[in-house]
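*Asks:* Supplied in structure tokens, the structure appears directly below.
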Amino acid sequence: MDVPPRVTVCDVGPRDGLQNESTPIATADKVRLVNELLAAGVPEVEVSSFVSPKWVPQMADAEEIFAAIERPAGARLIGLVPNEHGYARARAAGVDRVELVIMASETFQKKNVNMTVEQGLRACAAIARQAASDGIEVGLALGTSWGCPYEGHIDPARVIDLANAAIDSGVHTVSFADTTGMADPLHVDALLRLARRTIPLDRIACHFHNTRNAGFANVLAALGQGVARFDSSLAGLGGCPFAPRATGNIGTEDLVHMLHGMGIHTGIDLAQLLETSAWMESVVGHVLPAQVSKAGLAFPELARS
Ligand code: COA
Ligand code: ZN
């Protein structure tokens, strides 16, 4: 099987993970989490979101976190934004990249951002135009790409049309997101095959949740299509406040361990990541789902690649 020699891992735990913790996490702990991820060599971190604090109170301290982070050279800090107001806040906070989000499912889109998909696309185009003149990169997460808990199956042609429209409006990278873990590897393979017809590989990312334990099989399917950008969250933190019973992203340590085992370079120090993962479990006060933090490395040489 041909797989990419190198993968860019984006840890979304501080945002996708912590937005779903019912106990409030101190801003200082969030800052420490981001700093430790960056220090372990994670090249991209989704730090927080610039959304309405009434909708997601856990993310109300986005500006404070950005102001406190130690930013190593080359690291890319991302803020999720739902609308132009969020974009203005993110730019003022000094993000390197904004991640917009549109759900392929109309029902989920309404529940998540109180907009139609069409309104989301219009906001996306306006933000992409502004960001181009500000020198800020724009990514778009296409949520529910492989299924929606409210609408069920999502037509892959619709997902690809949305992805193409976003690319045409100036979005740099489209991240196909399995928001509530409904994908299977063949479905992943099929959608990415379609995506590759119009979107260059280096502008495609995947965002898998491990809700039904197919997350890593889905990563393998995406690697097989040449995708080399993946989101994951340390310790498997996460969920979605607008999806019933959603659980976490694939765990960063599990993803990195698997990639290193396959000889794929990530630049991440796994031993350091495991220390941060253990600390994070003590911060949230409950067991988190990632496995390598419990089992340890299969072989010591997998710590780095
Ligand atoms: N950041 C902070 N406040 C914002 C905001 C933003 N990006 N966008 C809007 N607001 C404020 C408005 O100023 C207004 O404040 P007020 O009540 O004090 O006047 C209030 O929120 C309502 O604004 P409105 O435009 O009517 O928003 P809405 O209630 O329709 O909600 C969103 C729209 C997009 C702001 C909201 O749905 C949201 O934040 N969703 C994010 C969901 C999320 O993070 N999901 C997980 C990630 S995928
Ligand atoms: Zn997610």
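Readers should treat all values here as calculations from the given coordinates under stated rules, not as data from a laboratory. No experiment lies behind these values; they were computed from the predicted model shown. Don't worry about glycine lacking a Cβ; one is built from the backbone with ideal geometry, like all the others, and counts go over all protein chains shown.
*Asks:* In sequence order, what are the phi-derived ³J(HN,Hα) couplings for the range 138-149 according to the Karplus relation 6.51 cos²θ - 1.76 cosθ + 1.60 with θ = phi - 60°, rounded to whole Hz, with x for glycine and proline?
*Replies:* 10, x, 10, 8, 9, x, 6, 4, 10, x, 10, x
*Asks:* Something else: Can you give me the relative contact order of the range 4-134 as a percent, contacts being Cα pairs under 8 Å and 6 or more apart?
*Replies:* Worked out over the range 4-134, it gives 20 percent.
*Asks:* Turning to a different aspect of this structure: If we sort 33-40, 282-289, 96-103, 184-191 on the protection proxy, mean other Cβ atoms within 10 Å, highest first, what's the order? Walk me through the numbers before you get to the answer.
*Replies:* Working: 33-40: 21.8, 282-289: 13.5, 96-103: 24.6, 184-191: 18.0.
Per-residue Cβ counts within 10 Å, averaged per peptide and sorted highest first, yield 96-103, 33-40, 184-191, 282-289.
*Asks:* I've got another one for you. Report, in deg cm²/dmol and to the nearest 500, the calculated mean residue ellipticity at 222 nm for the chain, where each DSSP H run with n ≥ 4 adds -39500 (n - 2.57) and the sum is divided by the residue count.
*Replies:* Values: 11 runs with 122 residues, N = 305.
That comes out to -12000 deg cm²/dmol.
*Asks:* Return the lysines within reach of LYS110: Cα separation strictly under 21 angstrom, same-chain partners fewer than 8 residues apart disregarded; answer none if there are no such residues.
*Replies:* Output for LYS110: LYS54.
*Asks:* Is the chain best put as rounded, prolate or oblate by its Cα gyration tensor, with a ≥ b ≥ c the root eigenvalues, rounded for a/c under 1.5, and otherwise prolate when a/b is larger than b/c, oblate when not?
*Replies:* In terms of gyration-tensor shape, rounded.
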